Amino acid sequence: MRLRDQHGRSITDLRISITDRCNYKCVYCRTGNEGAMYADLPMQDYLRMVRLFVSQGIEKVRITGGEPLLRHGVVEFVGELAKLRTLDGKKLDLAITTNGHLLAEMAQPLKNAGLTRVTVSMDAVDPAKFARITRVQNGYESCLAGIRAAKAAGLHPVKVNCVLLRGFNEDQIIPFGKFARDEGVVLRFIEFMPLEEDRVWSPQVVVTMDEILGEMVKFRPLQQIEHQRSETARRYTFADGVGEIGIIAPVSHPFCGHCSRVRITSDGKIRTCLFSVFDNDLAGRMRAGDSDAELISYIHSVIGKKEARHHIGEPGFEKPSRSMVHIGG
């Protein structure tokens with residue numbers, strides 16, 4: 001039976017974190033004090049989890065972290081996932097989200113193993129600003145090399161995600177538009193969400209979708225592109241057809257009503273929403289010896305209780321039990 005939640009939404013997209021570790025300390029994500037907090041599982045455990053979810057209708061799998069390219073065996077893991085087939089007999093749509101620092105040397109092996117697409121997190125196209133945000137020197141050059149290597153390897157489309165924060169990098173909107181056109185990548189701006197470690201989020205820090213569009217049209221006119229209901233991004237192309245940008249606006253324009261996603265953390269907990277206030281311990285049931293049938297029943301029971309929506313900015317909003325880096329992007 002395919003996965004559906006209590007609100008009638010089909011769940012077809014799995015995000016699975018394979019490590020809590022990261023080699024960057026982005027100011028909006030990590031305080032720099034906590035580091036990894038949760039254990040990594042054996043790769044075979046993650047593989048079993050994905051197999052179970054695919055058997056129940058998952059069609060897209062995105063590998064996340066932490067920084068997933070730090071994890072030994074990630075290429076082999078992709079190779080095993082590439083052997084799986086959806087309920088319709090098709091190959092999985094396999095993607096990975098990475099900061100790009102190690103991607104230059106790994107892009108081709110990942111492509112050879114069966115990876116379909118890659119998304120690179122990159123929050124400035126100015127090297128000095130990039131270093132201030134990530135707290136890593138010379139990281140910009142490594143990230144750019146990774147993006148270009150992914151393109152050369154045929155991991156199309158290469159997407160670049162930028163989280164905008166007022167006072168940090170809102171001046172990068174037009175430079176990123178130029179970057180998307182020059183480099184031939186798909187750009188995604190993401191509104192800053194209350195998912196950081198030290199929990200300093202406020203609505204005033206959010207650079208909204210309307211602000212982003214207003215700034216970008218100062219560079220070139222935009223035309224909206226049709227998108228699927230379950231897509232998170234509002235998509236646009238420049239009027240001359242060169243370059244695509246998207247805006248993921250969970251704060252100012254929520255898209256929860258069409259959500260098709262579920263997440264597994266690096267320590268094997270199911271999270272039905274980024275803003276869940278509790279975990280569901282799939283790994284614990286595996287360790288206890290549950291059969292595949294028992295685990296599938298448990299997965300359905302968890303998905304059935306998936307939240308209707310988040311409540312960012314509303315009175316009484318309760319922040320999630322984990323920050324973003326400890327959930328998986």
Scanning region 1-16 for residues that are closer than 24 Å to LEU47 by Cβ and among the basic types (Lys, Arg), the one most open to solvent (accessible area, probe 1.4 Å) turns out to be ARG2
Filtering region 274-303 down to residues that are at pLDDT below 95 and over 15 Å from SER17 (Cβ atoms) yields PHE275, VAL277, PHE278
Filter result for GLU226 (of a type outside the set (Lys, Arg), under 30 Å from MET43 (Cβ atoms) and modelled with pLDDT under 95)
no
So the strands (runs of 3 or more DSSP E) completely within region 221-306 holding 1 or more residues that are over 30 Å from ASP182 (Cα atoms) are 261-264, 269-271
Quick count over region 124-152, residues being open to solvent by less than 20 Å² (accessible area, probe 1.4 Å) and hydroxyl-bearing (Ser, Thr, Tyr), is 1
| query | Is it fair to say THR265 is of a type in the set (S, T, N, Q), out of contact with any His (no Cβ under 8 Å at 6 or more places or on another chain) and open to solvent by less than 20 Å² (accessible area, probe 1.4 Å)? | reply | no
Filter region 274-288 for residues that are touching a residue at least 40 places away in the same chain (Cβ under 8 Å) and of a type in the set (A, V, I, L, M, F, W, C); the one that is nearest to ASP40 (Cα to Cα) is ALA283
In region 139-163, anything over 16 Å from LEU115 (Cβ atoms), out of contact with any strand residue (DSSP E or B) (no Cβ under 6 Å at 6 or more places or on another chain) and among the aliphatic types (A, V, I, L, M) is listed as LEU144, ALA145
Log entry, pairs with first residue in region 242-253 being within 20 Å of LEU274 (Cα to Cα) and modelled with pLDDT under 85, second being open to solvent by 40 Å² or more (accessible area, probe 1.4 Å) and assigned to a strand (DSSP E or B), beta carbons closer than 9 Å, six or more apart or on different chains, reads ALA249/ARG234; HIS253/ARG234
Exercise for review: State whether one or more residues within region 186-193 are among the aromatic types (Phe, Trp, Tyr), open to solvent by less than 20 Å² (accessible area, probe 1.4 Å), in a loop (DSSP other than H, G, I, E, B) and modelled with pLDDT under 90.
Suggested key: yes
Only unsatisfied item for GLU183, checking (1) under 18 Å from the mean Cα position of the chain (by Cα); (2) of a type in the set (Asp, Glu); (3) modelled with pLDDT of 95 or more, is (1)
Here the qualifying pairs (Cβ atoms under 6 Å; residues six or more apart or on different chains; first in region 31-56 and under 12 Å from ILE16 (Cα atoms) and at pLDDT 95 or above; second open to solvent by 30 Å² or more (accessible area, probe 1.4 Å) and part of a helix (DSSP H, G or I)) come out as LEU47/GLU80
Problem set entry | Selection status of VAL78, within 17 Å of the chain's Cα centre (by Cα), assigned to a helix (DSSP H, G or I) and under 30 Å from ARG48 (Cβ atoms) | yes
Those residues of region 139-156 which are modelled with pLDDT of 95 or more and assigned to a loop (DSSP other than H, G, I, E, B) amount to GLY154, LEU155
With the first residue restricted to region 87-101 and required to be over 17 Å from GLN56 (Cα atoms), and the second required to be charged (D, E, K, R), Cβ contacts under 6 Å at 6 or more apart or on different chains are ALA95/ARG62; ALA95/ARG117; ASN99/GLU67
Counted residues in region 78-111 being touching a Lys or Arg at 6+ places or on another chain (Cβ under 8 Å) and crowded, with 18+ Cβ neighbours inside 10 Å come to 7
Only unsatisfied item for THR134, checking (1) out of contact with any Pro (no Cβ under 8 Å at 6 or more places or on another chain); (2) without any contact (Cβ under 8 Å) to a residue 60 or more places away in the chain, is (2)
Scanning region 204-220 residue by residue, those part of a helix (DSSP H, G or I) and either touching a Lys or Arg at 6+ places or on another chain (Cβ under 8 Å) or open to solvent by less than 30 Å² (accessible area, probe 1.4 Å) (or both) turn out to be GLN204, VAL205, MET209, ILE212, MET216
With the first residue restricted to region 4-27 and required to be farther than 15 Å from ARG263 by Cβ, and the second required to be β-branched (Val, Ile, Thr) and in a loop (DSSP other than H, G, I, E, B), Cβ contacts under 8 Å at 6 or more apart or on different chains are ARG4/ILE11; ASN23/VAL136; TYR24/VAL136; LYS25/VAL136
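The values are calculated or read from the model by the stated rules, or taken from the named source; none is laboratory data. Small disclaimer: the values here were computed from a predicted structure and weren't measured. Because the Cβ atoms are built from the backbone with ideal geometry, glycine has one as well, and the counts that use them run over all protein chains shown. For the accessible areas, the whole protein counts, side chains as well, though only heavy atoms, and no ligand, DNA or RNA atoms are used. Shrake-Rupley method; radii C 1.70, N 1.55, O 1.52, S 1.80 Å.
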